[in-house]
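Note sheet for the following structure.
None of the figures in this text is laboratory data; all of them are computed from the coordinates on show. Quick caveat, the model's predicted, so the values are computed rather than measured. Note that we place each Cβ from the backbone using ideal geometry, even for glycine, and neighbour counts take in every protein chain shown.
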Amino acid sequence: MEKNIFDVIIIGAGVAGASAARELSKFKLKVAVLEKNIDVAFGATKGSHAIVHCGFPTSDFTPLKNRGELKGNLMMEQLCKELDVEFIRPGKLLIAFNDKELDLVKNWQLKLRRNGVINTQLITDRKTLNEMEPNLSDEVVGALHTPNTAITSPWALVFGLIENAIDNGVELFVDTKVTGISTNDKGKFSLETNKGTFESSYIINAAGINADDLANLIGDNNFELTNSRHQRLIIDKRCQGMVKHVIRGLNEKGALGDFVTPTVHGNLMAGEYVEIVSKGNTETTREGLAEGVVPKYLKIFPSLSPANVIKPFAGAVPLADLSGEFHIGLSPANSKFINMVLGASGLTAAPAMAEFVVQELLPLAGAKLENKEEFNPIRKEIPRIDEMDNEERAKYISQDPRYGHIVCRCETVSEGEIVEAIRRGATTRDGIKLRTRAGMGRCQGGFCGPRVLKILERELNKPLTEITRRGGNSVETMFATKELRQDRGEGND
Ligand SMILES: Cc1cc2nc3c(=O)[nH]c(=O)nc-3n(C[C@H](O)[C@H](O)[C@H](O)COP(=O)(O)OP(=O)(O)OC[C@H]3O[C@@H](n4cnc5c(N)ncnc54)[C@H](O)[C@@H]3O)c2cc1C
């Protein structure tokens with residue numbers, strides 16, 4: 001049991017928990033992350049639009065979100081550099097279709113200035129707009145350019161944060177669901193899980209949409225979470241370059257609305273159709289996509305044909321407060337229990353909020369932070385055959401021929417990359433997909449899916465019928481397919 005005693009336990013391995021873990025790994029503390037899913041980044045973070053917002057203040061009553069978004073934007077580039085995660089700063093155009101919207105856009109410029117974002121530019125001549133965004137609808141009359149807006153990969157960021165935290169001493173327990181929390185006579189927390197009991201002096205509750213249920217376990221009933229579901233479409237890489245900036249329209253309330261954005265992987269993404277839904281609901285609907293997203297994005301980019309859509313998608317944002325404010329602070333029920341609930345813009349704000357939680361709140365709760373001199377901020381991404389020049393590719397293949405065996409043809413992913421992803425913790429098809437992009441291309445895994453399963457079967461030494469798409473009951477196959485059985489010399493029947 002000794003090994004399950006920690007100074008700090010983080011519940012949840014989304015971008016909030018992973019950022020807190022990496023921040024804590026800078027200090028001499030024994031830290032564990034407990035994650036109920038079979039892998040990290042499988043919660044709300046996986047559904048993020050991946051935009052690193054520049055510091056749009058939602059209102060005067062959302063100080064944590066306003067501060068987190070601004071500071072997070074400034075921290076993200078260096079963080080991605082250290083963790084070898086994709087980061088591009090294309091800038092954003094907040095567009096207006098008429099004079100009324102143009103007034104609202106000007107108002108946004110003033111609000112941004114008040115929040116400290118001073119490098120924005122109002123563009124009202126079509127010639128400049130055409131140069132910046134040639135495929136934009138002719139009906140757009142002006143735009144606010146925010147050059148600091150960036151894009152990244154939310155799951156790659158979590159993989160980077162967690163791998164770096166583990167390199168610096170943090171322990172990760174996946175498939176470990178916290179079901180009960182009590183305090184003993186020394187004031188320490190005892191956490192009941194499906195993998196036994198864990199003990200810690202402090203808890204960081206980064207459980208996303210389940211954070212209120214976790215807080216309830218210690219008698220903290222001060223907040224209740226709702227879900228806003230956001231539906232969107234992923235567009236094929238063949239349209240790469242058609243949209244150069246993050247483009248955002250205004251909704252009927254004058255707030256930020258529909259968007260079309262490039263992704264760091266060369267696709268485009270169009271959204272969004274937003275509704276308040278029951279917890280964890282990430283279904284897509286015809287109403288949301290065909291009748292909601294498609295006509296709205298066609299209004300912005302009329303030449304972006306829906307025939308290029310390769311995947312519908314929905315994600316659900318945990319909201320502690322419909323104003324958009326985060327719920328971060330020492331719990332009134334026990335000051336050694338820190339709630340860390342992000343909302344919209346949580347991806348952007350996570351590094352800044354992790355710094356706030358660890359360096360400001362944790363000492364307030366009584367923890368002593370002592371720097372770890374040996375902390376190493378650098379982590380390297382899985383080598384990508386597709387991004388190498390011929391010389392480097394040849395070097396990798398000569399060292400390990402599996403880098404020469406292409407498994408996913410849409411995204412040019414080799415067996416070597418898939419094996420490396422498994423070595424780093426992937427145990428499911430989604431775990432491979434998010435780490436390597438195998439299955440993310442136009443055929444959506446139709447070609448490489450069985451091959452990926454076969455590699456998982458071999459490397460994990462697990463029967464094929466036990467390998468899942470994303471854990472739980474999501475088994476991938478009831479029995480081995482003809483091709484797999486042939487490969488194993490088992491015949492065709
Ligand atoms: C559709 C969508 C678009 C978004 N777009 C953007 C954007 O463009 N830019 C931006 O900045 N932000 C964006 N966001 C917001 C941002 O993605 C979220 O704020 C952020 O990902 C939340 O991270 P999290 O770690 O708090 O939650 P999660 O990622 O949900 O992580 C919580 C984790 O806790 C685990 N957990 C729960 N209960 C337990 C338990 N009992 N025991 C152990 N583990 C548990 C869960 O399994 C989960 O892995 C978007 C969000 C969505 C959904």
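With N residues in the stretch 300-345, what two-decimal value do you get for its Cα radius of gyration over 2.2 N^0.38 Å? Mind dumping the intermediate values first?
Numbers: Rg = 18.7 Å, N = 46, 2.2 N^0.38 = 9.4 Å.
For the stretch 300-345, the normalised Cα radius of gyration is 1.99.
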With +1 on each Lys and Arg Cβ and -1 on each Asp and Glu Cβ, how big is the dipole of the stretch 416-483 about its Cα centre, in debye rounded to the nearest 20? 180 debye
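Determine the percent antiparallel among the DSSP beta bridges restricted to the chain, to the nearest 5. Each step should come with its number before you reach the end.
Numbers: 57 of 76 bridges.
Roughly 75 percent of the beta bridges in the chain run antiparallel, per DSSP.
Report the calculated FRET efficiency for Arg113 and Arg458 (r = Cβ-Cβ distance, R0 = 56 Å), to the nearest 0.05.
0.45
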Output the lone cysteines of the chain: those with no second cysteine's C-beta under 4.7 Å from their C-beta. Cys54, Cys80, Cys239, Cys410, Cys443
When the charge dipole of the stretch 182-286 is computed with +1 on Lys and Arg Cβ and -1 on Asp and Glu Cβ about the Cα centre, the Cα farthest towards its positive end, among Asn227, Gly187, Gly241, belongs to Gly241
Options Pro463, Ala44, Phe313, ranked by Cα towards positive dipole end of the chain, top entry (Cβ charges): Phe313
Give me the one-decimal nm value for the distance between modelled label points at Arg424 and Glu171, 7 Å along each residue's Cα-to-Cβ direction. 2.4 nm
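If you place +1 on the Cβ of every Lys and Arg and -1 on the Cβ of every Asp and Glu, how big does the dipole about the Cα centre of the stretch 196-266 come out, in debye to the nearest 20?
Computed about the Cα centre, the dipole is about 720 debye.
Using only the alpha carbon atoms of the stretch 217-320, find the Kirkwood hydrodynamic radius as the inverse mean reciprocal pair distance, in angstroms to one decimal.
Numbers: mean 1/r = 0.0679 Å⁻¹.
Averaging 1/r across every pair of different Cα atoms and inverting gives 14.7 Å.
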In vacuum, with every alpha carbon of the chain counted as one equal point scatterer, what does the Debye formula give for log10 I(q)/I(0) at q = 0.08, 0.11 Å⁻¹? Two decimals, please. -0.51, -0.97
Surface/4 of the Cα convex hull for the stretch 385-487, nm²: 6.6 nm²
Over 30 Å between Cα atoms: which of Lys111/Lys237; Lys36/Lys454; Lys92/Lys311 fall into that group? Lys111/Lys237
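Stokes-Einstein at 37 °C, 0.692 mPa s, Kirkwood radius from Cα pairs: D for the stretch 253-301 in µm² s⁻¹?
Values: Rh = 12.2 Å.
Rounded, D is 269 µm²/s.
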Name the helices (complete DSSP H segments) of the chain with a Cα length along the long axis of 18 Å or more and a Kyte-Doolittle mean of at least -0.5, or state none. 154-167
Per-peptide average of other Cβ atoms within 10 Å, ordering 425-436, 298-309 highest first: 425-436, 298-309
Distribution of pairwise C-alpha distances over the stretch 298-427, 10 Å bins, in %: 9, 20, 21, 25, 19, 6
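When all alpha-carbon pairs of the stretch 108-236 are counted, what percent fall beyond 23 Å? Intermediate values should be presented prior to the final figure.
Details: 5245 of 8256 pairs.
Considering the stretch 108-236, 64 percent of its Cα-Cα pairs are separated by more than 23 Å.
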Do me a favour and compute the ellipsoid semi-axes for the stretch 233-389 from its Cα gyration tensor, root of five times each eigenvalue, largest one first, whole Å. 37, 24, 13
Tell me, how many Å apart are the Cα centres for the stretch 434-463 and for the stretch 374-409? 18 Å
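Rounded to the nearest 0.05, what FRET efficiency do Thr183 and Ser278 give with R0 = 25 Å and r taken as the Cβ-Cβ distance? Could you check?
Numbers: r = 32 Å, r/R0 = 1.27.
Efficiency, from the Cβ-Cβ distance: 0.20.
Going through the stretch 312-374, which GluC sites (Glu not before Pro) have at most 13 other Cβ atoms within 10 Å and a DSSP loop state? Numbers along the way, then the final one.
Details: sites: Glu325, Glu355, Glu360, Glu370, Glu373, Glu374; in loops: Glu325, Glu370, Glu373, Glu374.
Answer in residue order: Glu370, Glu373, Glu374.
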Largest first and to the nearest Å, give the Cα extent of the stretch 1-101 along each principal axis. 67, 33, 27
Going through the stretch 137-197, which GluC sites (Glu not before Pro) have at most 10 other Cβ atoms within 10 Å and a DSSP loop state? none
Cross-link list Lys26/Lys65; Lys30/Lys380; Lys253/Lys299; Lys28/Lys71: which exceed 21 angstrom alpha carbon to alpha carbon? Lys26/Lys65; Lys30/Lys380; Lys28/Lys71
With the charge dipole of the chain built from beta-carbon charges (+1 for Lys and Arg, -1 for Asp and Glu) about the Cα centre, the Cα from Gly404, Ile88, Ser200 projecting farthest to the positive end belongs to Gly404
